[in-house]
Structures are given as C-alpha cells and as structure tokens.
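Peer 1: Here's a structure for you.
The values are calculated or read from the model by the stated rules, or taken from the named source; none is laboratory data. Keep in mind that this is a model prediction, so the values were computed, not measured. FYI the Cβ positions are ideal-geometry reconstructions off the backbone, even for glycines, and counts take in every protein chain you see. Keep in mind that these areas ignore ligands, DNA and RNA; they rest on the heavy atoms of the full protein, side chains included. Shrake-Rupley method; radii C 1.70, N 1.55, O 1.52, S 1.80 Å.
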Amino acid sequence: MAVDVPFYKMNGAGNEILVADMRGRDAHIEPRAAVALAAPDAVPFDQLMEIRTPVASGFDAGILIHNSDGSEAGACGNGMRCVTAYLNRGDTKADWLFRTRAGLLSATLGEDGLITVDMGMPRFGWQDIPLAEEFADTTRIELQIGPIDAPLLHSPSVASMGNPHAIFWVDRDVKDYDLERFGPLLENHPIFPDRANITLARVMTPEHIVIRTWERGAGLTLACGSAACATLAAAARKGLTHRTARITPPSGKDLTIEWNGDNHILMTGPVEFEYSGRLDARTGAFERD
C-alpha cells in the first residue's frame, strides 16, 4: 500500500472537493479508491479532482473528475476553482488552462482572491444534453413528479455544461421540496440516458436565483458550479433573468454567473482550504497531515 499521493481537502462555495495531485504518475485513481475516500469517516467529498501531467503543450494540466460514487464527471466548476487555488499555493501565475473530458477550461485568479472559470458554451440541443427522445424546445420538456393533475414539479428546462442538467422552476422555498427523495428518481429517469443533475431554482429577481441541486453521482450538495451555470443560461433563455446573476446555493456562498457576448459561461466564486494529507490511488487508504 502506497499512501503517497498528496491531497488537499477544500470546498468551492461549499461544494466539497478533494484535490489529488497525480502529476508524474502513470496510474489513475481507481473507482474503488474514490468510493472509499468519500465515506463519512474518510475524506467525504462531492467531487475528487485528479490533476494529471499535461500530455501535450498548450495547457497546464489534465483533470479527471471523480464523483463520490466512483463514476466520472465531465465538468465541475467549483472543483476547477479549487484546483486553481491548489496550484497557486507556490505560484504567482494568474491564468491557467486545463484539459477535461468536457474540453479545455480556463481559470483566472483575481486580485480579490476570487477565481473565475470559463465553463465554455452551454448546449441546448436535445441530442447534446443528451435526451432519449427529441424535443424541439428544451426550455421546457415533458417531465413531472407527482399526480398528473397536480404535479409537485414539472416542465424542467434542460441544458448541458459538459454534463446534463435539468432545472425545475419553483415559486416556493427550494428547501420545501423533498429533493432527497425524488432526486435519485429524476437523476436516473429514462429520458436521461447519461443520468442528469437535478436542480430546483427559484428566481428572486432578474439578478438573483436561489438553487438546490441533487448532483449526478454525488447526491445532495451544498453547491454545484455547473448547475449554477446551467440555471443562469436556462433562466436567461426563458427571459426570467439578465445574462449575469448572483446564484445562491444551499451553502449561502454566492456564485456570480455571467453568460458573456462570446456565448461562454463565466463563474466567479470563493475557495477554502480545509486540510491536507496523502492517499493511496488504488485502495483509498489515506493519512492526514
């Protein structure tokens, strides 16, 4: 057993993130190791960000993203901010470029300590999300929870930010809904062949949205960066908000989301260090510093 991979436990706006530095190593973090590390008595996380040595010039590092159930994710904006903060511990570099399964993502460390990640372009085509059947209008699709004549939730907007998102618009407090019960049902609904992140969104003003998210492969989370991005894009498409808004997740740590003129989504928010240690990439054994 080799407990020799440096890690930092961090959070991005409350999203629990584990950053593991695998640069210079041939091995990857195995799914069983990710599951073991996510246990309540280990180093519980929503996403594990595996930093890899770049395999080509033009970007600073490769990133693999592991969910707490051992599956892989395509994008995690809060995690990318944590990676940027980790790499900046001994570096004065402000601008970073990373390769992920969702493509190249850039990040910038601001003078105020907040980090902005360019999450790329949102996609709204039914086949890009993907959905199991065609919908011409993805600002609302036919999907509901509850009785047909009085559904609790219905007609979500759907979008992809490198991973699939469904956003249900609600007019009550997002905590009033039993997302822990129906989140797994919606995540695994047949309409989503790759599963989906499920978000409840309440538009407070054209500049402010409150959200709560059941994260694909991780469950209830205090924050989900890609869900915040997908929510802003979907809200702006529907004319519910402006193209820049403050998004408040359950952690209460706001994210600023901007859908800019180049059609890219920019996410700005805070990062916090919690503790460090070392782990075994095969088994998930770990030691805290």
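Peer 1: So which residues in segment 136-168 are assigned to a strand (DSSP E or B), open to solvent by 60 Å² or more (accessible area, probe 1.4 Å) and touching a residue at least 24 places away in the same chain (Cβ under 8 Å), if there are any at all? Show your work before the answer.
Peer 2: Filtering segment 136-168 for residues assigned to a strand (DSSP E or B) gives 144-145, 153-154, 157-160, 164-168.
Of the ones still in play, those that are also open to solvent by 60 Å² or more (accessible area, probe 1.4 Å) are 144, 154.
Correct list: empty.
Peer 1: Is it the case that segment 127-143 has a residue that's among the aromatic types (Phe, Trp, Tyr), within 26 Å of Leu266 (Cβ to Cβ) and modelled with pLDDT of 95 or more? Explain how you work it out, then say what you get.
Peer 2: Applying the first criterion (among the aromatic types (Phe, Trp, Tyr)) to segment 127-143 yields 135.
This time we only want the ones that are within 26 Å of Leu266 (Cβ to Cβ), so: none.
Looking for residues that are among the aromatic types (Phe, Trp, Tyr), within 26 Å of Leu266 (Cβ to Cβ) and modelled with pLDDT of 95 or more, one finds none in segment 127-143, hence no.
Peer 1: Can you confirm whether Ala36 is open to solvent by 50 Å² or more (accessible area, probe 1.4 Å) and either touching a Phe, Trp or Tyr at 6+ places or on another chain (Cβ under 9 Å) or modelled with pLDDT under 95 (or both)? Full working, then the answer.
Peer 2: Values: open to solvent by 50 Å² or more (accessible area, probe 1.4 Å): no; either touching a Phe, Trp or Tyr at 6+ places or on another chain (Cβ under 9 Å) or modelled with pLDDT under 95 (or both): yes.
No; evaluated as a whole, the condition is false for this residue.
Peer 1: Does Gly79 fit the bill of being touching a strand residue (DSSP E or B) at 6+ places or on another chain (Cβ under 8 Å), farther than 20 Å from Pro270 by Cα, of a type outside the set (A, V, I, L, M) and not in a loop (DSSP other than H, G, I, E, B)? Break it down into steps so the answer makes sense when it comes.
Peer 2: Numbers: touching a strand residue (DSSP E or B) at 6+ places or on another chain (Cβ under 8 Å): yes; farther than 20 Å from Pro270 by Cα: no; of a type outside the set (A, V, I, L, M): yes; not in a loop (DSSP other than H, G, I, E, B): yes.
Criteria not met by Gly79.
Peer 1: Can you name the residue in segment 89-131 that is assigned to a strand (DSSP E or B) and of a type in the set (S, T, N, Q) and is also surrounded by the fewest Cβ atoms within 10 Å (Cβ to Cβ) among such residues? Show your work before the answer.
Peer 2: From segment 89-131, those assigned to a strand (DSSP E or B) are 95-100, 103-109, 115-118, 123; that's our starting set.
Applying the additional criterion that residues be of a type in the set (S, T, N, Q) yields 100, 106, 108, 116.
On the way: Thr100: 23, Ser106: 19, Thr108: 15, Thr116: 19.
Filtering first and then ranking leaves Thr108.
Peer 1: Pick from Ile65, Ile17, Ile29: which is surrounded by 23 or more Cβ atoms within 10 Å (Cβ to Cβ), part of a loop (DSSP other than H, G, I, E, B) and aliphatic (A, V, I, L, M)?
Peer 2: Working: Ile65 fails: part of a loop (DSSP other than H, G, I, E, B); Ile17 fails: part of a loop (DSSP other than H, G, I, E, B).
None of the other options fit; the residue is Ile29.
Peer 1: Might you check whether a residue that is crowded, with 19+ Cβ neighbours inside 10 Å, touching a helix residue (DSSP H, G or I) at 6+ places or on another chain (Cβ under 8 Å) and of a type outside the set (D, E, K, R) occurs anywhere in segment 80-88? Give the derivation first.
Peer 2: The first filter runs over segment 80-88 and keeps only residues crowded, with 19+ Cβ neighbours inside 10 Å, leaving 80-87.
Filter once more, so that each one left must be touching a helix residue (DSSP H, G or I) at 6+ places or on another chain (Cβ under 8 Å): 80-81.
This time we only want the ones that are of a type outside the set (D, E, K, R), so: 80.
There is at least one residue in segment 80-88 that is crowded, with 19+ Cβ neighbours inside 10 Å, touching a helix residue (DSSP H, G or I) at 6+ places or on another chain (Cβ under 8 Å) and of a type outside the set (D, E, K, R).
Peer 1: May I ask you to say which residue of Arg216, Arg181 is within 18 Å of the chain's Cα centre (by Cα) and basic (Lys, Arg)? Outline the logic, then answer.
Peer 2: Details: Arg181 fails: within 18 Å of the chain's Cα centre (by Cα).
It is Arg216.
Peer 1: Looking at segment 244-289 only, could you name the residues that are out of contact with any Gly (no Cβ under 8 Å at 6 or more places or on another chain), part of a loop (DSSP other than H, G, I, E, B) and either touching a residue at least 12 places away in the same chain (Cβ under 8 Å) or of a type in the set (Ser, Thr, Tyr) (or both)?
Peer 2: Passing the criteria: Asn260, Asn263, Asp280, Ala281, Arg282, Thr283, Gly284, Ala285.
Peer 1: Something else: Got a number for residues in segment 180-221 being at pLDDT 95 or above, in a loop (DSSP other than H, G, I, E, B) and surrounded by fewer than 24 Cβ atoms within 10 Å (Cβ to Cβ)?
Peer 2: 10
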